[in-house]
Amino acid sequence: MVLPHEPEFQQAYNELVSALQDSTLFEEHPKYKKVIPVVSVPERLIQFRVAWENDKGEIEVNNGFRVQFNSALGPYKGGLRFHPSVNLSILKFLGFEQIFKNALTGLSMGGGKGGCDFNPKGRTDAEIRRFCVAFMRQLARYIGQDTDVPAGDIGVGGREIGFLFGAYKQMQNNWSGILTGKGLSWGGSLIRPEATGYGVVYYVEKMIEKATNGKETFKGKRVAISGSGNVAQYAALKVIELGGIVVSLSDSKGAIISKNGITPEQVEAIADAKIKFKSLEEIIGESVSAFSGSNSVEYKAGARPWVHAGAVDIALPSATQNEVSAEEAKALIAAGCKFIAEGSNMGSTAEAIDVFEESRSKNVWYAPGKAANCGGVAVSGLEMAQNSQRVSWTREEVDQKLKDIMYTCFDNCYETAKKYSKDTTELPSLLKGANIAGFLKVADAMFDQGDVF
Ligand code: NDP
(Lines give C-alpha, C1' and ligand atoms only; values in the text may rest on other atoms or scores of the structure.)
Protein backbone atom coordinates (compact mmCIF):
# COMPACT_ATOMS: atom_id res chain seq x y z
CA MET A 1 0.00 0.00 0.00
CA VAL A 2 1.36 3.42 -0.92
CA LEU A 3 0.71 6.32 1.41
CA PRO A 4 0.23 9.94 0.31
CA HIS A 5 3.23 11.23 2.25
CA GLU A 6 5.63 8.80 0.61
CA PRO A 7 6.44 10.43 -2.75
CA GLU A 8 9.71 8.57 -3.37
CA PHE A 9 8.15 5.21 -2.58
CA GLN A 10 5.15 6.09 -4.75
CA GLN A 11 7.53 6.87 -7.62
CA ALA A 12 9.39 3.55 -7.27
CA TYR A 13 6.08 1.65 -7.00
CA ASN A 14 4.67 3.43 -10.08
CA GLU A 15 7.80 2.60 -12.07
CA LEU A 16 7.45 -1.11 -11.36
CA VAL A 17 3.70 -1.32 -11.79
CA SER A 18 3.57 0.69 -15.00
CA ALA A 19 6.39 -1.40 -16.49
CA LEU A 20 4.39 -4.55 -15.70
CA GLN A 21 1.07 -3.13 -16.89
CA ASP A 22 2.55 -1.79 -20.10
CA SER A 23 3.68 -5.24 -21.17
CA THR A 24 1.98 -8.48 -22.18
CA LEU A 25 2.73 -10.12 -18.81
CA PHE A 26 -0.70 -9.76 -17.19
CA GLU A 27 -2.49 -10.74 -20.41
CA GLU A 28 -0.42 -13.90 -20.64
CA HIS A 29 -0.33 -14.65 -16.88
CA PRO A 30 -3.08 -12.79 -14.98
CA LYS A 31 -2.14 -14.51 -11.69
CA TYR A 32 0.85 -12.16 -11.28
CA LYS A 33 -1.51 -9.21 -10.67
CA LYS A 34 -2.22 -10.70 -7.24
CA VAL A 35 1.40 -10.28 -6.23
CA ILE A 36 1.48 -6.48 -6.43
CA PRO A 37 -0.55 -5.61 -3.30
CA VAL A 38 1.45 -8.17 -1.30
CA VAL A 39 4.95 -7.38 -2.53
CA SER A 40 4.47 -3.64 -2.07
CA VAL A 41 4.03 -3.89 1.72
CA PRO A 42 7.22 -4.46 3.73
CA GLU A 43 7.30 -7.67 5.75
CA ARG A 44 8.56 -5.61 8.68
CA LEU A 45 9.38 -1.97 9.44
CA ILE A 46 11.65 -1.19 12.36
CA GLN A 47 12.06 2.33 13.69
CA PHE A 48 14.24 3.17 16.66
CA ARG A 49 15.78 5.94 18.72
CA VAL A 50 19.51 6.55 18.37
CA ALA A 51 20.70 8.65 21.32
CA TRP A 52 24.45 9.26 21.34
CA GLU A 53 27.08 11.51 22.87
CA ASN A 54 28.88 14.18 20.83
CA ASP A 55 32.41 15.49 21.53
CA LYS A 56 31.05 18.16 23.87
CA GLY A 57 29.53 15.48 26.08
CA GLU A 58 26.02 16.44 24.99
CA ILE A 59 23.27 14.07 23.98
CA GLU A 60 22.08 14.05 20.38
CA VAL A 61 19.08 12.07 19.13
CA ASN A 62 18.38 10.69 15.68
CA ASN A 63 15.79 8.44 14.02
CA GLY A 64 17.06 4.99 12.98
CA PHE A 65 15.25 2.63 10.60
CA ARG A 66 15.44 -0.79 9.01
CA VAL A 67 12.94 -1.79 6.34
CA GLN A 68 12.86 -5.59 6.00
CA PHE A 69 10.93 -5.60 2.76
CA ASN A 70 10.98 -9.07 1.25
CA SER A 71 12.69 -12.32 2.19
CA ALA A 72 11.36 -14.61 -0.57
CA LEU A 73 14.78 -15.06 -2.19
CA GLY A 74 17.02 -14.98 0.88
CA PRO A 75 17.96 -12.94 3.95
CA TYR A 76 17.05 -9.25 3.71
CA LYS A 77 19.95 -7.48 2.02
CA GLY A 78 20.51 -3.80 1.32
CA GLY A 79 22.52 -0.84 2.50
CA LEU A 80 22.38 1.63 5.34
CA ARG A 81 22.20 5.34 4.48
CA PHE A 82 23.31 8.07 6.90
CA HIS A 83 22.04 11.38 5.55
CA PRO A 84 19.86 14.14 7.02
CA SER A 85 17.23 13.56 4.30
CA VAL A 86 16.61 9.93 5.40
CA ASN A 87 12.95 9.16 6.11
CA LEU A 88 10.61 6.20 5.68
CA SER A 89 9.53 7.15 2.17
CA ILE A 90 13.14 7.17 0.96
CA LEU A 91 14.00 3.92 2.74
CA LYS A 92 10.86 2.21 1.46
CA PHE A 93 11.68 3.25 -2.11
CA LEU A 94 15.23 2.01 -1.71
CA GLY A 95 14.10 -1.25 -0.08
CA PHE A 96 11.48 -1.85 -2.77
CA GLU A 97 14.04 -1.32 -5.56
CA GLN A 98 16.43 -3.57 -3.71
CA ILE A 99 14.06 -6.56 -3.82
CA PHE A 100 14.05 -6.67 -7.62
CA LYS A 101 17.66 -5.60 -7.99
CA ASN A 102 18.81 -8.45 -5.79
CA ALA A 103 16.70 -10.84 -7.85
CA LEU A 104 18.49 -9.62 -11.00
CA THR A 105 21.89 -10.61 -9.57
CA GLY A 106 20.81 -14.27 -9.68
CA LEU A 107 22.00 -14.69 -6.06
CA SER A 108 19.89 -15.67 -3.06
CA MET A 109 19.15 -12.35 -1.38
CA GLY A 110 15.94 -10.73 -0.21
CA GLY A 111 15.48 -6.96 -0.16
CA GLY A 112 15.88 -4.44 2.66
CA LYS A 113 17.26 -1.00 3.40
CA GLY A 114 17.95 1.07 6.47
CA GLY A 115 19.64 4.10 7.81
CA CYS A 116 19.37 7.21 9.90
CA ASP A 117 18.80 10.95 9.55
CA PHE A 118 22.24 11.48 11.13
CA ASN A 119 24.51 13.84 9.18
CA PRO A 120 28.10 12.54 9.33
CA LYS A 121 29.52 15.67 7.68
CA GLY A 122 31.75 17.68 9.98
CA ARG A 123 31.75 14.99 12.68
CA THR A 124 34.98 13.72 14.17
CA ASP A 125 35.94 10.05 13.91
CA ALA A 126 35.15 9.69 17.60
CA GLU A 127 31.65 11.07 17.08
CA ILE A 128 31.05 8.78 14.12
CA ARG A 129 32.24 5.82 16.19
CA ARG A 130 29.99 6.66 19.13
CA PHE A 131 27.09 7.20 16.77
CA CYS A 132 27.69 3.82 15.07
CA VAL A 133 27.80 2.05 18.45
CA ALA A 134 24.51 3.66 19.47
CA PHE A 135 22.91 2.80 16.11
CA MET A 136 24.03 -0.83 16.33
CA ARG A 137 22.78 -1.10 19.93
CA GLN A 138 19.28 -1.18 18.40
CA LEU A 139 19.95 -2.71 15.00
CA ALA A 140 21.86 -5.70 16.40
CA ARG A 141 18.73 -7.42 17.65
CA TYR A 142 17.14 -7.47 14.16
CA ILE A 143 20.01 -8.61 11.93
CA GLY A 144 21.98 -11.84 11.48
CA GLN A 145 23.86 -13.66 8.75
CA ASP A 146 20.75 -15.69 7.84
CA THR A 147 18.23 -12.96 8.71
CA ASP A 148 19.31 -9.56 7.45
CA VAL A 149 22.73 -8.45 6.23
CA PRO A 150 23.09 -4.66 5.79
CA ALA A 151 25.87 -2.92 3.82
CA GLY A 152 26.92 0.68 3.05
CA ASP A 153 25.18 3.39 1.04
CA ILE A 154 25.39 7.19 1.07
CA GLY A 155 27.33 8.27 4.16
CA VAL A 156 28.25 4.70 5.11
CA GLY A 157 31.62 3.48 3.81
CA GLY A 158 34.41 1.26 5.10
CA ARG A 159 35.01 3.31 8.26
CA GLU A 160 31.36 3.17 9.36
CA ILE A 161 31.01 -0.53 8.48
CA GLY A 162 34.07 -1.19 10.69
CA PHE A 163 32.62 0.68 13.67
CA LEU A 164 29.21 -0.97 13.21
CA PHE A 165 30.73 -4.45 12.90
CA GLY A 166 32.92 -3.97 15.97
CA ALA A 167 29.93 -2.82 17.99
CA TYR A 168 27.82 -5.82 16.89
CA LYS A 169 30.60 -8.29 17.67
CA GLN A 170 31.07 -6.92 21.17
CA MET A 171 27.37 -6.79 21.97
CA GLN A 172 26.51 -10.24 20.64
CA ASN A 173 29.79 -12.07 21.37
CA ASN A 174 29.49 -13.37 17.84
CA TRP A 175 31.81 -12.97 14.86
CA SER A 176 29.71 -13.59 11.79
CA GLY A 177 29.08 -12.02 8.41
CA ILE A 178 26.29 -9.70 9.52
CA LEU A 179 27.47 -6.80 7.35
CA THR A 180 29.12 -6.59 3.95
CA GLY A 181 31.68 -4.06 2.82
CA LYS A 182 33.97 -5.23 5.63
CA GLY A 183 37.73 -4.60 5.74
CA LEU A 184 39.82 -6.99 3.66
CA SER A 185 41.71 -8.42 6.63
CA TRP A 186 38.52 -9.20 8.56
CA GLY A 187 36.06 -10.86 6.23
CA GLY A 188 35.68 -8.33 3.44
CA SER A 189 35.79 -9.20 -0.24
CA LEU A 190 38.21 -7.90 -2.79
CA ILE A 191 36.43 -5.71 -5.37
CA ARG A 192 33.51 -4.88 -3.02
CA PRO A 193 34.44 -1.15 -2.87
CA GLU A 194 34.83 -1.07 -6.66
CA ALA A 195 31.83 -3.29 -7.43
CA THR A 196 28.97 -0.85 -8.00
CA GLY A 197 30.97 1.54 -10.17
CA TYR A 198 32.72 -1.22 -12.12
CA GLY A 199 29.42 -3.08 -12.48
CA VAL A 200 27.65 -0.09 -14.06
CA VAL A 201 30.44 0.17 -16.61
CA TYR A 202 30.32 -3.57 -17.37
CA TYR A 203 26.56 -3.29 -17.93
CA VAL A 204 27.05 -0.35 -20.31
CA GLU A 205 29.76 -2.29 -22.17
CA LYS A 206 27.03 -4.77 -23.12
CA MET A 207 24.61 -1.99 -24.08
CA ILE A 208 27.20 -0.49 -26.43
CA GLU A 209 28.08 -3.87 -27.88
CA LYS A 210 24.44 -4.77 -28.54
CA ALA A 211 23.44 -1.37 -29.93
CA THR A 212 26.41 -1.17 -32.30
CA ASN A 213 26.58 -4.86 -33.26
CA GLY A 214 29.93 -5.12 -31.56
CA LYS A 215 31.45 -2.26 -33.59
CA GLU A 216 31.99 0.17 -30.70
CA THR A 217 33.31 0.11 -27.14
CA PHE A 218 34.01 2.65 -24.39
CA LYS A 219 37.14 3.70 -26.27
CA GLY A 220 37.01 7.40 -27.10
CA LYS A 221 33.51 7.86 -25.65
CA ARG A 222 32.81 10.98 -23.59
CA VAL A 223 31.19 10.01 -20.32
CA ALA A 224 29.38 12.41 -17.96
CA ILE A 225 29.28 11.14 -14.37
CA SER A 226 27.58 12.78 -11.40
CA GLY A 227 28.59 12.26 -7.78
CA SER A 228 32.13 11.85 -6.49
CA GLY A 229 31.59 9.19 -3.84
CA ASN A 230 32.11 5.45 -3.91
CA VAL A 231 30.07 4.67 -7.03
CA ALA A 232 31.21 7.66 -9.08
CA GLN A 233 34.90 7.19 -8.24
CA TYR A 234 35.10 3.58 -9.36
CA ALA A 235 32.85 4.10 -12.38
CA ALA A 236 35.22 6.88 -13.46
CA LEU A 237 38.33 4.74 -12.95
CA LYS A 238 36.89 1.84 -14.97
CA VAL A 239 35.76 4.16 -17.80
CA ILE A 240 39.29 5.62 -17.97
CA GLU A 241 40.80 2.12 -17.93
CA LEU A 242 38.60 1.16 -20.91
CA GLY A 243 39.71 4.21 -22.90
CA GLY A 244 36.71 6.48 -22.23
CA ILE A 245 36.95 10.18 -21.32
CA VAL A 246 35.28 11.22 -18.07
CA VAL A 247 34.03 14.76 -18.63
CA SER A 248 32.39 15.46 -15.27
CA LEU A 249 31.97 14.61 -11.61
CA SER A 250 29.90 16.44 -9.00
CA ASP A 251 28.91 16.64 -5.35
CA SER A 252 26.09 18.20 -3.36
CA LYS A 253 27.63 21.67 -3.81
CA GLY A 254 28.52 21.71 -7.51
CA ALA A 255 30.09 20.03 -10.53
CA ILE A 256 33.50 19.89 -12.19
CA ILE A 257 33.75 19.76 -15.97
CA SER A 258 36.90 18.55 -17.68
CA LYS A 259 37.61 19.07 -21.39
CA ASN A 260 40.47 16.59 -21.65
CA GLY A 261 39.13 14.04 -19.20
CA ILE A 262 39.39 13.52 -15.46
CA THR A 263 42.62 11.63 -14.61
CA PRO A 264 43.05 8.68 -12.21
CA GLU A 265 45.24 10.95 -10.03
CA GLN A 266 42.37 13.43 -9.75
CA VAL A 267 39.96 10.64 -8.76
CA GLU A 268 42.47 9.53 -6.13
CA ALA A 269 42.82 13.09 -4.75
CA ILE A 270 39.02 13.35 -4.58
CA ALA A 271 38.70 9.96 -2.86
CA ASP A 272 41.29 10.92 -0.21
CA ALA A 273 39.59 14.24 0.51
CA LYS A 274 36.00 12.97 0.45
CA ILE A 275 36.68 10.76 3.45
CA LYS A 276 37.35 14.03 5.30
CA PHE A 277 34.06 15.45 3.93
CA LYS A 278 35.73 18.07 1.71
CA SER A 279 33.75 19.60 -1.16
CA LEU A 280 34.96 19.39 -4.76
CA GLU A 281 35.46 23.15 -4.70
CA GLU A 282 37.81 22.81 -1.72
CA ILE A 283 39.59 19.84 -3.28
CA ILE A 284 40.41 21.54 -6.58
CA GLY A 285 41.51 24.62 -4.62
CA GLU A 286 43.84 22.60 -2.37
CA SER A 287 45.23 20.02 -4.86
CA VAL A 288 46.45 22.70 -7.28
CA SER A 289 49.05 20.54 -9.06
CA ALA A 290 46.54 17.79 -9.86
CA PHE A 291 43.98 20.24 -11.28
CA SER A 292 46.09 22.61 -13.39
CA GLY A 293 47.44 22.98 -16.94
CA SER A 294 45.93 20.49 -19.37
CA ASN A 295 44.27 18.81 -16.38
CA SER A 296 42.40 21.91 -15.25
CA VAL A 297 38.68 21.67 -14.64
CA GLU A 298 35.86 24.18 -14.63
CA TYR A 299 33.84 24.39 -11.41
CA LYS A 300 30.09 25.05 -11.63
CA ALA A 301 28.74 26.04 -8.23
CA GLY A 302 25.34 24.68 -7.29
CA ALA A 303 25.00 22.80 -10.58
CA ARG A 304 24.60 19.22 -11.76
CA PRO A 305 26.78 18.30 -14.71
CA TRP A 306 24.21 17.34 -17.34
CA VAL A 307 23.67 20.66 -19.14
CA HIS A 308 27.29 21.77 -18.70
CA ALA A 309 29.25 18.73 -19.84
CA GLY A 310 29.32 19.57 -23.58
CA ALA A 311 29.32 16.72 -26.10
CA VAL A 312 28.49 13.48 -24.30
CA ASP A 313 28.05 9.88 -25.48
CA ILE A 314 27.21 8.26 -22.15
CA ALA A 315 25.70 9.53 -18.88
CA LEU A 316 26.10 7.71 -15.56
CA PRO A 317 24.10 9.42 -12.78
CA SER A 318 25.88 8.23 -9.61
CA ALA A 319 25.01 10.63 -6.78
CA THR A 320 21.44 10.34 -5.49
CA GLN A 321 17.79 9.89 -6.44
CA ASN A 322 15.99 12.21 -8.89
CA GLU A 323 19.19 13.86 -10.06
CA VAL A 324 18.24 14.03 -13.74
CA SER A 325 15.20 16.15 -14.69
CA ALA A 326 13.25 16.04 -17.97
CA GLU A 327 15.03 19.21 -19.14
CA GLU A 328 18.40 17.72 -18.31
CA ALA A 329 17.46 14.48 -20.09
CA LYS A 330 16.59 16.50 -23.20
CA ALA A 331 19.85 18.45 -22.94
CA LEU A 332 21.83 15.21 -22.70
CA ILE A 333 20.16 13.82 -25.79
CA ALA A 334 20.73 17.08 -27.66
CA ALA A 335 24.42 16.80 -26.67
CA GLY A 336 24.61 13.42 -28.40
CA CYS A 337 24.09 11.11 -25.43
CA LYS A 338 23.07 7.60 -26.52
CA PHE A 339 23.46 5.56 -23.33
CA ILE A 340 22.20 6.40 -19.85
CA ALA A 341 22.77 3.98 -16.99
CA GLU A 342 22.04 4.74 -13.35
CA GLY A 343 24.73 4.13 -10.77
CA SER A 344 22.45 5.85 -8.28
CA ASN A 345 19.11 4.40 -7.23
CA MET A 346 16.22 6.04 -9.11
CA GLY A 347 18.71 8.58 -10.49
CA SER A 348 16.22 9.91 -13.04
CA THR A 349 12.87 11.53 -12.36
CA ALA A 350 9.81 9.81 -13.85
CA GLU A 351 9.63 12.62 -16.42
CA ALA A 352 13.29 12.16 -17.39
CA ILE A 353 12.69 8.43 -17.87
CA ASP A 354 9.79 9.27 -20.20
CA VAL A 355 12.13 11.44 -22.26
CA PHE A 356 14.72 8.65 -22.49
CA GLU A 357 12.16 5.96 -23.28
CA GLU A 358 10.47 8.08 -25.94
CA SER A 359 13.87 8.56 -27.58
CA ARG A 360 14.59 4.84 -27.80
CA SER A 361 13.41 4.87 -31.43
CA LYS A 362 16.29 7.32 -32.02
CA ASN A 363 18.74 4.83 -30.50
CA VAL A 364 18.89 6.41 -27.05
CA TRP A 365 19.07 3.59 -24.52
CA TYR A 366 18.31 3.90 -20.80
CA ALA A 367 19.13 1.36 -18.06
CA PRO A 368 17.48 1.74 -14.63
CA GLY A 369 19.50 1.55 -11.42
CA LYS A 370 17.95 -1.70 -10.29
CA ALA A 371 19.77 -3.40 -13.19
CA ALA A 372 22.78 -1.20 -13.90
CA ASN A 373 23.95 -0.80 -10.29
CA CYS A 374 23.30 -4.33 -9.03
CA GLY A 375 27.05 -5.07 -9.05
CA GLY A 376 27.51 -3.70 -5.54
CA VAL A 377 24.99 -5.97 -3.91
CA ALA A 378 26.16 -8.83 -6.14
CA VAL A 379 29.66 -8.65 -4.69
CA SER A 380 28.09 -8.27 -1.24
CA GLY A 381 26.45 -11.62 -2.01
CA LEU A 382 29.86 -12.99 -2.97
CA GLU A 383 31.27 -11.61 0.30
CA MET A 384 28.57 -13.54 2.19
CA ALA A 385 29.46 -16.70 0.26
CA GLN A 386 33.17 -16.30 1.13
CA ASN A 387 32.31 -15.67 4.80
CA SER A 388 30.20 -18.82 4.95
CA GLN A 389 33.02 -20.88 3.48
CA ARG A 390 35.71 -19.03 5.52
CA VAL A 391 37.70 -18.41 2.32
CA SER A 392 38.86 -15.38 0.30
CA TRP A 393 38.76 -15.35 -3.46
CA THR A 394 41.36 -13.44 -5.51
CA ARG A 395 40.74 -10.06 -7.08
CA GLU A 396 40.61 -11.66 -10.53
CA GLU A 397 38.10 -14.30 -9.42
CA VAL A 398 35.73 -11.77 -7.89
CA ASP A 399 36.06 -9.36 -10.79
CA GLN A 400 35.30 -12.16 -13.27
CA LYS A 401 32.24 -13.22 -11.25
CA LEU A 402 31.07 -9.58 -11.13
CA LYS A 403 31.47 -9.28 -14.91
CA ASP A 404 29.54 -12.52 -15.47
CA ILE A 405 26.74 -11.31 -13.19
CA MET A 406 26.47 -7.93 -14.96
CA TYR A 407 26.56 -9.48 -18.44
CA THR A 408 23.95 -12.09 -17.46
CA CYS A 409 21.82 -9.37 -15.88
CA PHE A 410 21.96 -7.40 -19.13
CA ASP A 411 21.01 -10.45 -21.21
CA ASN A 412 18.15 -11.22 -18.82
CA CYS A 413 16.78 -7.65 -19.06
CA TYR A 414 17.19 -7.65 -22.84
CA GLU A 415 15.54 -11.02 -23.45
CA THR A 416 12.71 -10.37 -20.98
CA ALA A 417 12.01 -7.00 -22.62
CA LYS A 418 11.87 -8.65 -26.05
CA LYS A 419 9.53 -11.33 -24.71
CA TYR A 420 6.99 -9.11 -22.95
CA SER A 421 7.29 -5.64 -24.55
CA LYS A 422 4.41 -4.35 -26.62
CA ASP A 423 6.58 -1.97 -28.62
CA THR A 424 8.66 -3.09 -31.56
CA THR A 425 11.63 -0.74 -31.47
CA GLU A 426 14.94 -2.35 -32.31
CA LEU A 427 16.32 -1.54 -28.86
CA PRO A 428 13.90 -3.08 -26.34
CA SER A 429 13.06 -1.25 -23.11
CA LEU A 430 15.60 -2.22 -20.45
CA LEU A 431 13.34 -0.37 -17.99
CA LYS A 432 10.61 -2.91 -18.65
CA GLY A 433 12.99 -5.84 -19.00
CA ALA A 434 14.62 -5.15 -15.63
CA ASN A 435 11.35 -4.63 -13.78
CA ILE A 436 9.63 -7.66 -15.30
CA ALA A 437 12.59 -10.02 -14.90
CA GLY A 438 13.21 -9.01 -11.27
CA PHE A 439 9.51 -9.14 -10.43
CA LEU A 440 8.96 -12.59 -11.97
CA LYS A 441 11.72 -14.19 -9.95
CA VAL A 442 10.40 -12.76 -6.68
CA ALA A 443 6.75 -13.44 -7.56
CA ASP A 444 7.40 -17.09 -8.38
CA ALA A 445 9.21 -17.59 -5.07
CA MET A 446 6.31 -15.92 -3.24
CA PHE A 447 3.80 -18.28 -4.87
CA ASP A 448 5.99 -21.29 -4.02
CA GLN A 449 6.25 -20.19 -0.39
CA GLY A 450 2.54 -19.45 0.01
CA ASP A 451 2.99 -15.68 0.40
CA VAL A 452 0.54 -15.31 -2.49
CA PHE A 453 -2.01 -17.90 -3.62
P1 NDP B 1 28.66 8.24 -1.26
O2 NDP B 1 28.18 8.76 0.03
O3 NDP B 1 30.00 7.60 -1.35
O4 NDP B 1 28.65 9.42 -2.36
C5 NDP B 1 27.48 10.12 -2.65
C6 NDP B 1 27.80 11.21 -3.64
O7 NDP B 1 26.60 11.83 -4.05
C8 NDP B 1 28.66 12.34 -3.05
O9 NDP B 1 29.42 12.90 -4.09
C10 NDP B 1 27.62 13.32 -2.53
O11 NDP B 1 28.07 14.65 -2.44
C12 NDP B 1 26.57 13.20 -3.63
N13 NDP B 1 25.24 13.50 -3.09
C14 NDP B 1 24.63 12.90 -2.02
N15 NDP B 1 23.43 13.46 -1.81
C16 NDP B 1 23.28 14.40 -2.77
C17 NDP B 1 22.24 15.31 -3.10
N18 NDP B 1 21.11 15.34 -2.40
N19 NDP B 1 22.45 16.14 -4.15
C20 NDP B 1 23.59 16.10 -4.88
N21 NDP B 1 24.60 15.27 -4.61
C22 NDP B 1 24.44 14.43 -3.59
O23 NDP B 1 27.52 7.26 -1.79
P24 NDP B 1 27.59 6.13 -2.89
O25 NDP B 1 28.54 6.51 -3.97
O26 NDP B 1 27.75 4.84 -2.22
O27 NDP B 1 26.10 6.15 -3.46
C28 NDP B 1 25.72 6.96 -4.57
C29 NDP B 1 24.40 6.43 -5.16
O30 NDP B 1 24.60 5.08 -5.58
C31 NDP B 1 23.23 6.38 -4.18
O32 NDP B 1 22.04 6.62 -4.90
C33 NDP B 1 23.25 4.93 -3.69
O34 NDP B 1 21.99 4.52 -3.23
C35 NDP B 1 23.63 4.23 -4.98
N36 NDP B 1 24.18 2.89 -4.82
C37 NDP B 1 25.29 2.68 -4.04
C38 NDP B 1 25.81 1.41 -3.93
C39 NDP B 1 27.06 1.14 -3.19
O40 NDP B 1 27.54 -0.01 -3.25
N41 NDP B 1 27.66 2.10 -2.51
C42 NDP B 1 25.12 0.25 -4.55
C43 NDP B 1 24.04 0.61 -5.42
C44 NDP B 1 23.58 1.88 -5.51
P45 NDP B 1 28.84 15.17 -1.11
O46 NDP B 1 30.21 14.59 -1.20
O47 NDP B 1 28.79 16.66 -1.23
O48 NDP B 1 28.06 14.65 0.06
*For the range 219-262, name all the residues that are open to solvent by 20 Å² or more (accessible area, probe 1.4 Å), of a type outside the set (A, V, I, L, M) and closer than 25 Å to residue 190 by Cα.*
229, 230, 233, 234, 241, 243
*Give me the pairs, please: first residue somewhere in the range 369-388 and more than 15 Å from residue 341 (Cα to Cα) and acidic (Asp, Glu), second residue anywhere and more than 8 Å from the ligand (Cβ to nearest atom) and open to solvent by less than 10 Å² (accessible area, probe 1.4 Å), beta-carbon distance under 6 Å, and either six or more positions apart or on two chains.*
383/180; 383/189
*residue 99 being of a type outside the set (D, E, K, R), farther than 30 Å from residue 409 by Cα, outside any loop (DSSP other than H, G, I, E, B) and away from the ligand (no atom under 12 Å from the Cβ)*: no
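Listed here are the residues, each with its yes/no results for (1) among the small types (Gly, Ala, Ser); (2) assigned to a strand (DSSP E or B).
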{"position": "18", "(1), (2)": "yes, no"}
{"position": "31", "(1), (2)": "no, no"}
{"position": "46", "(1), (2)": "no, yes"}
{"position": "67", "(1), (2)": "no, yes"}
{"position": "89", "(1), (2)": "yes, no"}
_Name the residue that is modelled with the lowest pLDDT, counting only residues in the range 275-325 that are assigned to a loop (DSSP other than H, G, I, E, B), under 18 Å from residue 265 (Cβ atoms) and away from the ligand (no atom under 16 Å from the Cβ)._
292
*Which residues, taken from the range 166-180, are closer than 14 Å to residue 384 by Cβ and either among the hydrophobic types (A, V, I, L, M, F, W, C) or in contact with a helix residue (DSSP H, G or I) (Cβ under 6 Å, 6 or more places away or on another chain) (or both)?*
177, 178, 179, 180
_Out of 123, 81, sole residue that is within 14 Å of the ligand (Cβ to nearest atom), part of a strand (DSSP E or B) and more than 25 Å from residue 390 (Cβ to Cβ)_ = 81
*Tell me, which helices (runs of 4 or more DSSP H) lie completely within the range 153-266 with 3 or more residues that are within 14 Å of the ligand (Cβ to nearest atom) and under 20 Å from residue 407 (Cα atoms)?*
192-211, 230-241
*Is there a residue in the range 365-381 that is away from the ligand (no atom under 16 Å from the Cβ), of a type in the set (Gly, Ala, Ser) and open to solvent by less than 40 Å² (accessible area, probe 1.4 Å)?*
no
*asked:* So residue 272 passes all but one of these: (1) in a loop (DSSP other than H, G, I, E, B); (2) within 25 Å of the chain's Cα centre (by Cα); (3) surrounded by fewer than 18 Cβ atoms within 10 Å (Cβ to Cβ); (4) away from the ligand (no atom under 12 Å from the Cβ). Which condition number does it fail?
replied: (1)
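The values are calculated or read from the model by the stated rules, or taken from the named source; none is laboratory data. Small disclaimer: the values here were computed from a predicted structure and weren't measured. Glycine also receives a Cβ, built like all others from the backbone with ideal geometry; neighbour counts cover every protein chain displayed. What goes into the accessible areas is simple: the full protein's heavy atoms, side chains included, and nothing from ligands, DNA or RNA. Shrake-Rupley method; radii C 1.70, N 1.55, O 1.52, S 1.80 Å.
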